Amino acid sequence: MARMLAVLFVALCVIAGAARGEESDVLVLTPDNFDHEVGHERAALVEFYAPWCGHCKKLAPEYEKVGSAFRKVKHLSIAKASFFLTYIDCDAHKSLCSKFDVSGYPTLKWFPKGSLTPKDYSGGRTAEDLVAFVNTEGGANAKLSVAASEVVVLTPANFDEIVLDPTKDVLVEFYAPWCGHCKSLAPAYESVATAYKAEKNVIVAKLDADAHKDLATKYDVSGYPTLKFFPKANKAGEDCDARSVDEFVEFLNEKCGTYRDSKGALTDKAGTVSSLEDIVQEFVAAKADERESLSTKLHEAIAKLEGSDAGYGAIYTKVLKSIASKGEEYLAKEHERLSRLLSGAVNPSKADELTVKKNIISLFMKQ
């Protein structure tokens, strides 16, 4: 019979503002309620950590997964305490950590219901390991939800078809399942794949290089993880040194000509065509009697565009026609309307469409 308890994930840290105001399935505690919550009617799995600790940072996303696993278990409450700089510093206030024989980070201890005598946790550090432990100690039966991955899995059977496709820019991670650095990279890499899922010509993929050593050797892979980028025009591959989400985004935007941010949203440059920039600036700065000739000049330049730029050019044309028929006030009204729509619930593809139009309209507005 499941015990009536609440599982509290408690993190002792010094980073100011960490976890404050962030959405999470892990409840945030404070020093004021720590003694009240732990060792009484609820059991607690306590993590003692320091913000500078690399292993603690690697563990953090696993806690979020565990929080999600127990979200719908009514008799369990997943929580953690974030002790900010003004409250407690595990380095500066060693007595609190010493009280529970904490000498390194992260240290995980299980406090049974009604007890301040903890049991040391010495299991694995994955979400799967932690969920199994909590289920055993807490008498629960929670399971991790497996989210669909946007990372394309490569094998010898599909490698050439995907990676060597001349119409695609492909980023490939050569990894090994046992590689600690690969495991650390996985959350960031998944975020990048999610951010670029709307870019049909950009593929974020991975290959188990330990299982397929011939392919790894072919591309001079000697360590894990190795990141190689295979652009449309260079299927020999080139090295990619990015490791954080922001670094990957900067790399892919530069190499692929895309305009995504780390969340996958389009930036304010999306849809703008650099070859039209000077003419648009002339048009915006021109007097009314000068605009007709500049409008003609713009239409002629738009007619020469190719590929995706031609599609964006069509929006430039519509904006020019609207200015001619509705006047300057059209720009501000339409910009406000698009901003309002984007602030609401919009599916990703529609958001891209609205953002591109808003960006192009912004070019025609006097600053």
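Within the range 327-351, if we keep just the residues that are open to solvent by 70 Å² or more (accessible area, probe 1.4 Å) and closer than 18 Å to Val280 by Cα, the residue that is modelled with the highest pLDDT turns out to be Glu329. With the structure loaded, tell me whether Tyr121 is at negative phi and not assigned by the TED database to the domain that holds Ala60 or whether it fails that test. It is false that Tyr121 is at negative phi and not assigned by the TED database to the domain that holds Ala60. With respect to the conditions (1) buried (at least 18 other Cβ atoms within 10 Å of the Cβ); (2) at pLDDT 80 or above, Phe83 falls short on a single one, namely (2). For beta carbons closer than 8 Å, sequence separation of 6+ or different chains, a first residue in the range 188-212 that is over 18 Å from Asp241 (Cβ atoms) and a second that is of a type in the set (D, E, K, R) and in a helix (DSSP H, G or I), the qualifying pairs are Ala198/Asp352.
Residue under question is Lys119, and the condition is that it be within 20 Å of the chain's Cα centre (by Cα), open to solvent by 10 Å² or more (accessible area, probe 1.4 Å) and without any contact (Cβ under 8 Å) to a residue 40 or more places away in the chain; does it hold? When the stated conditions are applied, Lys119 does not pass them. Only one of the listed residues (Leu294, Leu276, Leu252) is modelled with pLDDT of 95 or more and farther than 27 Å from Phe159 by Cα. That residue is Leu276.
The listed residues are Val204, Val102, Val170, and the only one of them that is modelled with pLDDT under 95, touching a strand residue (DSSP E or B) at 6+ places or on another chain (Cβ under 9 Å) and among the aliphatic types (A, V, I, L, M) turns out to be Val102.
Within the span defined as the range 289-301, one or more residues are surrounded by 12 or more Cβ atoms within 10 Å (Cβ to Cβ), over 22 Å from Lys200 (Cβ atoms) and basic (Lys, Arg).
What number of residues within the range 227-260 satisfy the criterion of being in contact with a helix residue (DSSP H, G or I) (Cβ under 8 Å, 6 or more places away or on another chain), small (Gly, Ala, Ser) and either in a helix (DSSP H, G or I) or closer than 15 Å to Glu199 by Cα (or both)? Total meeting the criteria: 0. Restricting the search to helices (runs of 4 or more DSSP H) fully inside the range 272-367 and requiring at least 2 residues that are without any contact (Cβ under 8 Å) to a residue 24 or more places away in the chain and of a type in the set (Phe, Trp, Tyr) gives an empty result.
I need the full set of residues from the range 255-267 which are among the charged types (D, E, K, R), open to solvent by 50 Å² or more (accessible area, probe 1.4 Å) and at pLDDT 95 or above, in order please. Can you show your working first?
So in the range 255-267, the residues among the charged types (D, E, K, R) come out as 255, 260-261, 263.
Within this subset, residues satisfying the condition of being open to solvent by 50 Å² or more (accessible area, probe 1.4 Å) are 255, 261, 263.
Residues satisfying the conditions are Lys255, Asp261.
Quick check on Ser222: is it open to solvent by 80 Å² or more (accessible area, probe 1.4 Å) and more than 30 Å from Leu354 (Cα to Cα)? Even if it seems obvious, please write down each step before you answer.
Working: open to solvent by 80 Å² or more (accessible area, probe 1.4 Å): yes; more than 30 Å from Leu354 (Cα to Cα): yes.
The answer is yes for Ser222.
The values are calculated or read from the model by the stated rules, or taken from the named source; none is laboratory data. Predicted, not measured: the structure shown is a model, and the values here were computed from it. We place every Cβ from the backbone using ideal geometry, glycine too, and count neighbours over all the protein chains shown. Side chains are part of the model used for accessible areas, which takes the heavy atoms of the whole protein and leaves out ligands, DNA and RNA. Shrake-Rupley method; radii C 1.70, N 1.55, O 1.52, S 1.80 Å.
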